[in-house]
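So the structure is just underneath, and the comments pick up after that.
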Amino acid sequence: MKAATSIVLIALGGTATAGQVALGAITSYAPEVYRDTDANVVVIPAVGYESEHVFFRGLSAGVRLYPIGTPTNVIFRLAYDPRTLKPSDSNDAQIQKLDEREASVLGGVSYQMISQVGVFEVGAGTDLGNKHNGLYAEASWRLPIRMNRFGITPQLGYAYNSDRINNHLYGVSNEESLRSDLDAFEADWDGQYFVGLSGYVFVTESLRLNASVRYTNLEGDIEKSPIIAASVTSQGSVGISYVF
């Protein structure tokens with residue numbers, strides 16, 4: 001099972017310098033989201049690239065309308081959404097009788113504003129992988145703090161998902177209810193708050209360690225879903241990369 005309550009875009013870029021290329025690996029950890037389902041630990045190779053307009057950051061990519069560092073910008077994004085449920089991975093007999101929830105690819109556009117008090121961003125998008133065809137919107141703030149050889153970035157925000165996304169992740173259809181004896185659950189438009197912290201440190205001039213953690217709090221009726229383990233979850237990652 002690969003699951004998370006929010007989309008995590010793992011970034012290799014620590015300083016987001018144009019012309020930067022990074023190669024490495026990332027280990028991500030997510031505790032159980034669905035009932036009696038093991039925590040998920042995944043090790044993946046990762047490529048990071050930054051140019052004036054184009055970037056690749058692990059599981060996401062994008063194109064900036066204006067050059068990197070422009071105070072206001074429009075960014076077109078693609079991101080792999082790893083949120084899935086494989087019923088056979090659960091030890092719960094009822095969860096095992098649910099339909100599988102597959103990963104997808106999300107695409108969207110956001111407006112970014114860089115100021116002295118941080119980076120503000122609002123955006124919206126949809127499912128491009130034809131898994132649920134849902135819509136999402138997100139507003140976030142982050143404050144990159146850069147030192148000579150290390151940096152940290154606190155972040156907070158709010159994500160709002162359509163009923164199609166929420167039902168794909170947390171809903172129980174009437175057919176699933178009959179098979180599993182779980183109460184049917186139909187999710188509405190709802191969202192989640194999140195707070196995160198990421199950082200990096202250069203061990204040498206080219207070798208960089210990265211780490212991040214993110215806490216998410218589901219809100220509204222989603223908390224009543226009979227298939228989730230908890231409404232407050234966390235996800236973390238550590239990685240190492242060589243920067244060219």
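The values are calculated or read from the model by the stated rules, or taken from the named source; none is laboratory data. If you're wondering where the values come from, they're calculated on a predicted model, not measured in any experiment. Positions of Cβ are generated from backbone atoms using ideal geometry, with glycine treated the same way; all protein chains shown enter the neighbour counts.
Within the range 42-72, can you find the residues that are among the basic types (Lys, Arg) and either out of contact with any Ser or Thr (no Cβ under 8 Å at 6 or more places or on another chain) or under 15 Å from Val21 (Cα atoms) (or both)? Can you show your working first?
In the first step, residues of the range 42-72 are kept if they are among the basic types (Lys, Arg); the result is 57, 64.
Listed by number, the list holds a single entry, Arg57.
Any chance the range 104-112 includes a residue that's in a loop (DSSP other than H, G, I, E, B) and either in contact (Cβ under 8 Å) with a residue 24 or more places away in the chain or out of contact with any Lys or Arg (no Cβ under 6 Å at 6 or more places or on another chain) (or both)?
No, that holds for no residue.
Look at Ala39 and say whether it is crowded, with 19+ Cβ neighbours inside 10 Å and either at pLDDT below 85 or at positive phi (or both). Full working, then the answer.
Values: crowded, with 19+ Cβ neighbours inside 10 Å: no; either at pLDDT below 85 or at positive phi (or both): yes.
No, not satisfied.
Does Pro144 satisfy being touching a residue at least 24 places away in the same chain (Cβ under 8 Å) and within 18 Å of the chain's Cα centre (by Cα)? Lay out the reasoning, then the answer.
On the way: touching a residue at least 24 places away in the same chain (Cβ under 8 Å): yes; within 18 Å of the chain's Cα centre (by Cα): no.
Answer is no for this residue.
Name every residue in the range 210-229 that is without any contact (Cβ under 8 Å) to a residue 40 or more places away in the chain, farther than 16 Å from Tyr29 by Cα and of a type outside the set (S, T, N, Q), in order of residue number. Full working, then the answer.
Quick first cut of the range 210-229, residues without any contact (Cβ under 8 Å) to a residue 40 or more places away in the chain only: 211, 213, 215, 217, 219-221, 223-224.
Filter again for farther than 16 Å from Tyr29 by Cα, leaving 217, 219-221, 223-224.
Passing the criteria: Glu219, Gly220, Asp221, Glu223, Lys224.
Name every residue in the range 53-71 that is outside any loop (DSSP other than H, G, I, E, B) and touching a residue at least 12 places away in the same chain (Cβ under 8 Å), in order of residue number.
Pass one, the range 53-71, residues outside any loop (DSSP other than H, G, I, E, B): 54-57, 60-64.
Across the range 53-71, the qualifying residues are Phe55, Arg57, Ser60, Ala61, Gly62, Val63, Arg64.
If you take the residues in the range 50-99 that are over 24 Å from Gly129 (Cα atoms) and of a type in the set (Ser, Thr, Tyr), which one is surrounded by the most Cβ atoms within 10 Å (Cβ to Cβ)?
Step by step, filter the range 50-99, then rank; the result is Ser90.
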